[in-house]
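The values are calculated or read from the model by the stated rules, or taken from the named source; none is laboratory data. It should be emphasised that the depicted structure is a prediction, and the values quoted were computed from it without experimental measurement. Neighbour counts run over all protein chains shown; Cβ positions are idealised from the backbone, glycine included.
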Amino acid sequence: MIQITPQMRILVAVEAVDFRRGIDGLAQICREALASDPFSGTVFVFRGRSGTSIKLLAFDGQGYWLCQKRLSKGRFRWWPGKAGSASARLLAHELQVLICGGDPAGAKVPPAWRAVGAHPVLGSDVTI
C-alpha cells in the first residue's frame, strides 16, 4: 500500500496531461517536462485536461504505484499555476487536502517548524 509521509517529496505537474498515458508515459513526462528522476521515490501528481481526475505516480523501490482519483461531481478547484515553472512542490498534508478536492493554499495548518530530517546547522536542503 502507498503511504504519504511528511518526509516524501511531492511534485505536482502544472500542465494537464493526457490520461491515456500509463506508467511509462507519465515516467517520461517526469524525466522530460519535470526534469526529475521517476525512480527517486518522489510522488508525482498529474491532472487530466478536464480537471475532474488526478493521478499519482510513485516508485517504492520494487515497482511503480499508479493511483487515480476521479471526482463524481465537480472539478479539482485548486491547481498550481506558477508562470515559467513545469512543477510545484507540495507538503504531505497539502496533498491530502488536494486529494479531497480542497485548496491546499487555504488550509489552516500551522507552519512546519523544521523539515523532518533536516540538519540544524546545514539547513533544510541537507538531510542526514
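Structure notes:
Condition check ((1) surrounded by fewer than 13 Cβ atoms within 10 Å (Cβ to Cβ); (2) among the acidic types (Asp, Glu); (3) at pLDDT 95 or above) across all residues:
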site: Thr5; (1), (2), (3): yes, no, no
site: Glu15; (1), (2), (3): no, yes, no
site: Phe19; (1), (2), (3): no, no, no
site: Ala33; (1), (2), (3): no, no, no
site: Phe44; (1), (2), (3): no, no, yes
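- Whenever a residue of the range 5-27 is free of Cβ contacts under 8 Å to residues at least 24 places away in the same chain, its partners that are assigned to a helix (DSSP H, G or I) and among the polar types (S, T, N, Q), lying with C-beta atoms within less than 9 angstrom and at least six residues away or across chains, give the pairs Arg21/Gln28.
- Within the range 46-71, residues that are farther than 18 Å from Leu98 by Cα and touching a residue at least 60 places away in the same chain (Cβ under 8 Å) reach partners that are part of a strand (DSSP E or B) and among the β-branched types (Val, Ile, Thr) with beta carbons closer than 9 Å, at six or more positions or on different chains, in the pairs Trp65/Val43.
- Of the residues Phe44, Phe59, Phe19, Phe39, the single one that is under 15 Å from Ser85 (Cβ atoms) and aromatic (Phe, Trp, Tyr) is Phe44.
- None of Gly74, Gly51, Gly101 is in contact with a Phe, Trp or Tyr (Cβ under 8 Å, 6 or more places away or on another chain), assigned to a loop (DSSP other than H, G, I, E, B), modelled with pLDDT of 85 or more and surrounded by fewer than 15 Cβ atoms within 10 Å (Cβ to Cβ) except Gly51.
- Restricting the range 77-95 to residues that are assigned to a helix (DSSP H, G or I) and under 10 Å from the mean Cα position of the chain (by Cα), the residue that is nearest to Ala13 (Cα to Cα) is Leu95.
- If you go through the range 58-71 and keep only what is touching a Gly at 6+ places or on another chain (Cβ under 7 Å) and either over 24 Å from Phe39 (Cβ atoms) or assigned to a helix (DSSP H, G or I) (or both), you end up with just Leu71.
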